[in-house]
Amino acid sequence: FLTKPIGIGILTTAQKQNKIMDKDRVRAVNTMCQLNSVGPKVARIDGVNAITDVTGFGLAGHLLEVCVGSNVAATVDYDSIPILPNTVKYLNQGCSPGGARRNFESYGSNINKLSPHRRSIVCDPQTSGGLLICISKRAEREFMELMLDSGLSSTPIGEIIERRKNIPTIEIL
């Protein structure tokens, strides 16, 4: 599960290049200002297996850390990843942060082949990103209730699976 949309690095790059629209700048600032204070409450749920914040290493980098540390793999449904509006528009205007490229160079061999845009998005470094939370099926209902009670949304983006030989640790489908 992911608690905030990604794309902050791309939008802040658009800001640096004076290409960002005001509504997207405001949306980016509001997203970065949203606290992850629900984390300690989530951690108390029986069946929560991992929590990390998505920051400078991007979604793929932080998911990879969870997978390597737990000797598992992950599949991610790209279409389920919450992405800030107009992120692709800014990528088309050349607003890909250098950190996304460096992230991919660092850990890209652990991810299946992706289009340049998808790669930029999943490797996009986040400032004050959301939480990436891995939970068992039995804990989903309690987790979703907590999120609703906290006034937050959380999007399921994939699943943790058994690690397999000759298959990338993270498959983004």
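The values are calculated or read from the model by the stated rules, or taken from the named source; none is laboratory data. The model shown is predicted, which means the values in this text are computed figures rather than measured ones. When we count neighbours, we look across all protein chains shown, and the Cβ atoms used for this are built from the backbone with ideal geometry, even at glycine. Remember, those area values only see protein heavy atoms, side chains included, never the ligands or the DNA or RNA. Shrake-Rupley method; radii C 1.70, N 1.55, O 1.52, S 1.80 Å.
Any chance you could count how many residues in the range 137-173 are among the β-branched types (V, I, T) and out of contact with any Leu (no Cβ under 7 Å at 6 or more places or on another chain)?
Residues meeting the conditions: 3.
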Assess whether D46 counts as being out of contact with any helix residue (DSSP H, G or I) (no Cβ under 9 Å at 6 or more places or on another chain) and of a type outside the set (S, T, N, Q).
no
Failed condition for G129, given (1) assigned to a loop (DSSP other than H, G, I, E, B); (2) among the small types (G, A, S); (3) within 18 Å of T75 (Cα to Cα), with all others met?
(3)
Quick one: count up the residues across the range 33-52 that are touching a residue at least 12 places away in the same chain (Cβ under 8 Å), assigned to a helix (DSSP H, G or I) and closer than 18 Å to S136 by Cβ.
3
Return a yes/no flag: does the range 35-58 have any residue that is open to solvent by 50 Å² or more (accessible area, probe 1.4 Å) and farther than 21 Å from L148 by Cα.
yes
The range 77-114, residues that are polar (S, T, N, Q) and either over 22 Å from L2 (Cα atoms) or assigned to a helix (DSSP H, G or I) (or both)
S80, T87, N92, Q93, N103, S106, S109, N110
